[in-house]
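The values are calculated or read from the model by the stated rules, or taken from the named source; none is laboratory data. Quantities reported herein were computed from a predicted structural model and do not represent experimental measurements. Here the Cβ is made from the backbone with ideal geometry for all residues, glycine too, and neighbour counts use every protein chain on show. Quick note on the areas: whole protein, heavy atoms, side chains included, nothing else; ligands and nucleic acids left out. Shrake-Rupley method; radii C 1.70, N 1.55, O 1.52, S 1.80 Å.
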Amino acid sequence: KVWSDHADIRPTVLALTDLKDDYAHQGRPITEVIAGLGEDGNGSDLHRLAALYKKINAPVGQLSLDSVKFATKATLSSSAGDQTYIAADARIAVWTVRRDTLAAKIILLLDNTAPSRSDSDSGSDSGSDDADARGLAAQAVSLLAEVHRAAA
């Protein structure tokens with residue numbers, strides 16, 4: 001039930017062994033397999049956020065696939081020629097900036113081994129993490145829905 005790829009192995013092993021380094025991961029810890037993250041509110045919110053992270057950030061995630069569909073439609077469009085594709089390319093660039101900004105915030109909650117997360121962050125209030133997870137999840141769902149509508 002958990003979709004993962006090779007990029008998730010390294011951050012998962014680091015999280016399981018409680019090690020940190022300064023390498024920026026391209027994946028995320030597979031929180032669904034890490035002991036101690038139960039089915040309480042925080043665990044469930046983080047599991048959902050982890051699944052959304054893969055949808056917006058993985059090369060074959062929903063956002064990427066829908067972006068390709070959208071770009072293909074623009075390329076094949078006979079109306080307005082190059083202007084249609086130029087407008088579509090600009091729209092994809094905006095989505096990319098939103099995705100990158102959102103993914104950077106999400107990974108800070110999901111990956112306590114991430115190099116940009118300081119040791120002082122690891123003791124954060126879980127209530128705050130819950131609210132952050134829900135807010136970031138809502139942003140991810142909104143972005144996914146917008147791109148999906150454009151691709152349809």
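Note on Gln83 and His148: their simple-model spin labels are 3.2 nm apart, each label 7 Å out from Cα toward Cβ. Roughly how many nanometres apart are two label points built 7 Å out from the Cα toward the Cβ at Ile9 and Ser44? Computed distance between label sites Ile9 and Ser44 equals 3.3 nm.
Rounded to the nearest 10 square angstrom, Ser142 shows an accessible area of 60 square angstrom against a 1.4 Å probe. Gly61 sits among other residues whose Cβ lies under 14 Å from its own Cβ, and their net charge, with Lys and Arg +1 and Asp and Glu -1, is +1. When Thr12, Thr101 are compared by accessible area at a 1.4 angstrom probe, the order from most to least is Thr101, Thr12.
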